[in-house]
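For reference, the structure discussed in these notes is given below.
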Amino acid sequence: QVHLEESGGGLLQAAGPHILSCKASGTLDNVNAVGWFRQAPGKERELVAQIVTGGQIIYGDSVQGRFVLARDNAENTIALVMGHLSESDTAVYYCMIRTATATYWGQGTQVTVSS
């Protein structure tokens, strides 16, 4: 079983940067992707950024060039550095880990951007 604990959300100023952090615990075997997704009211959950097998980082189109994803294997943490925020980035942000057998999600952290 894998547990994901997110932190860093809240009411954020647009200037940034701001950091979301996700700490994973439990059995972390055969991990093939880690990252962040988000879901705004009335919209589907969408990719923010993820690191896949081999180390490639994939960013969603809406955050490309503004957000940076980093992984610390020693600490089992995933950090999302968010810059140049706008109100369109307001959403619940979810940490995700995908293994060979299952996909795990955090409980979500609300990010509200104030200009």
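The values are calculated or read from the model by the stated rules, or taken from the named source; none is laboratory data. Computed from a predicted model, the values in this text were never measured in an experiment. FYI the Cβ positions are ideal-geometry reconstructions off the backbone, even for glycines, and counts take in every protein chain you see. Each accessible area value is taken on the protein alone, full model and side chains, heavy atoms only, with ligands, DNA and RNA left out. Shrake-Rupley method; radii C 1.70, N 1.55, O 1.52, S 1.80 Å.
In the chain, the portion of solvent-accessible area held by carbon and sulfur atoms comes to 49 percent [1.4 Å probe, whole percent, DNA, RNA and ligands not counted]. The dipole here belongs to the chain: it is taken about the Cα centre, uses +1 on the Cβ of Lys and Arg and -1 on the Cβ of Asp and Glu, and is about 80 debye.
Excluding ligands, DNA and RNA, the accessible surface per residue across the chain is 53 Å² with a 1.4 Å probe.
Between the amide H of Thr99 and those of Asn32, Tyr104, distances stay under 5 Å, these residues lying 5 or more places away or on another chain, with hydrogens modeled in the peptide plane.
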